[in-house]
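Here is the structure we will look at, set down as structure tokens.
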């Protein structure tokens with residue numbers, strides 16, 4: 001199976017603090033990988049390195065067969081690498097249909113004309129509505145974003161990422177801050193995304209991780225501590241110590 005995204009010997013430190021220590025990962029096309037570890041393990045830092053928000057001190061980031069280590073976040077998005085953030089940064093004054101259509105138009109290099117004549121952008125609007133419907137947001141697509149329940153705002157974040165037509169999608173705690181009864185819906189939707197889309201998600205709820213991930217990577221102190229199938233990770237005594245011992249989890 002082909003590799004969609006990889007980190008090869010990636011290192012990063014801030015002063016004397018090592019936040020990524022010889023990270024080697026490879027996500028097969030269509031994979032559903034979870035990234036877990038204690039608070040401060042370097043999970044979000046790794047996502048930032050993969051997406052170009054941070055530049056590694058050493059090593060390479062590969063998107064399919066292309067080395068993108070020196071490319072900007074925007075260039076990586078154009079190549080098919082998208083992400084969501086822990087803190088949602090939406091368009092509070094727009095409704096979901098407008099917001100997602102705007103991203104579709106940006107991808108199609110038509111955003112500068114977007115507000116001139118909405119009727120001439122029917123193809124983009126239809127694509128945006130299809131994305132929203134897949135994420136169960138079609139019935140609220142005309143409601144202002146700021147008025148949406150928080151769980152639906154997190155789904156809208158995913159919709160905005162999908163509007164870039166990614167091949168690889170990185171989700172940084174997509175259910176963070178969402179009531180438990182709503183977080184299940186978020187991952188049901190995520191689990192129903194195209195099998196051709198490669199997913200890597202950070203999540204602290206182990207019930208969710210073991211239900212939706214096919215492979216789990218455990219980070220501790222900026223280094224890979226363990227990785228394997230959910231069954232292998234749940235049986236690993238070292239991982240259990242990380243999560244049940246004094247260090248807690250996050």
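FYI, it's all coordinate maths here, none of it is from the lab. These numbers come from a predicted model, not from an experiment. Every residue, glycine as well, gets a Cβ built from its backbone with ideal geometry; the counts of neighbours run over all protein chains shown.
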Point to revise | Inter-label distance for residue 211 and residue 110, nm, one decimal - labels placed 7 Å from Cα along Cα-to-Cβ | key: 3.8 nm
Practice item. Pull out the extension gain between residue 136 and residue 29, defined as 0.36 nm times the separation in residues minus the alpha carbon to alpha carbon distance; nm, one decimal. Key: 36.0 nm
Practice item. Would you mind getting me the FRET efficiency between residue 146 and residue 180? Use the beta-carbon distance for r and R0 = 25 Å, nearest 0.05. Key: 0.60
Practice item. Tell me what the chain gives for mean residue ellipticity at 222 nm when only DSSP H runs of n ≥ 4 count, each as -39,500 (n - 2.57), the sum divided by the residue total, rounded to 500 deg cm²/dmol. Key: -10000 deg cm²/dmol
Exercise for review: Can you bin the range 90-165 into rounded, prolate or oblate? Criterion: square roots of the alpha carbon gyration tensor eigenvalues sorted a ≥ b ≥ c, rounded for a/c under 1.5, prolate for a/b above b/c, oblate for the rest.
Suggested key: prolate
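Between residue 193 and residue 17, how high is the FRET efficiency from 1/(1 + (r/R0)^6) when r is the Cβ-Cβ distance and R₀ = 25 Å? Nearest 0.05.
0.10
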Exercise for review: Kindly identify the range 19-87 as rounded, prolate or oblate by the Cα gyration tensor criterion: order the square roots of the eigenvalues as a ≥ b ≥ c, call it rounded if a/c is under 1.5, otherwise compare a/b with b/c, prolate if a/b is larger, else oblate.
Suggested key: rounded
Practice item. With r as the distance between the Cβ atoms of residue 223 and residue 74 and R0 = 35 Å, compute the FRET efficiency 1/(1 + (r/R0)^6) and round to 0.05. Key: 0.75
Review point. Where a ≥ b ≥ c are the square roots of the eigenvalues of the C-alpha gyration tensor, would you call the chain rounded, which needs a/c under 1.5, or, failing that, prolate if a/b is larger than b/c, or oblate?
Key: prolate
Practice item. Post the alpha-carbon centroid distance, the range 156-225 to the range 1-43, in whole angstrom. Key: 15 Å
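I'd like to compare 218-227, 172-181, 9-18: which one has the highest average count of other Cβ atoms within 10 Å, and what's the full order after that?
Details: 218-227: 19.4, 172-181: 16.9, 9-18: 13.2.
Those peptides, ordered most packed to least, come out 218-227, 172-181, 9-18.
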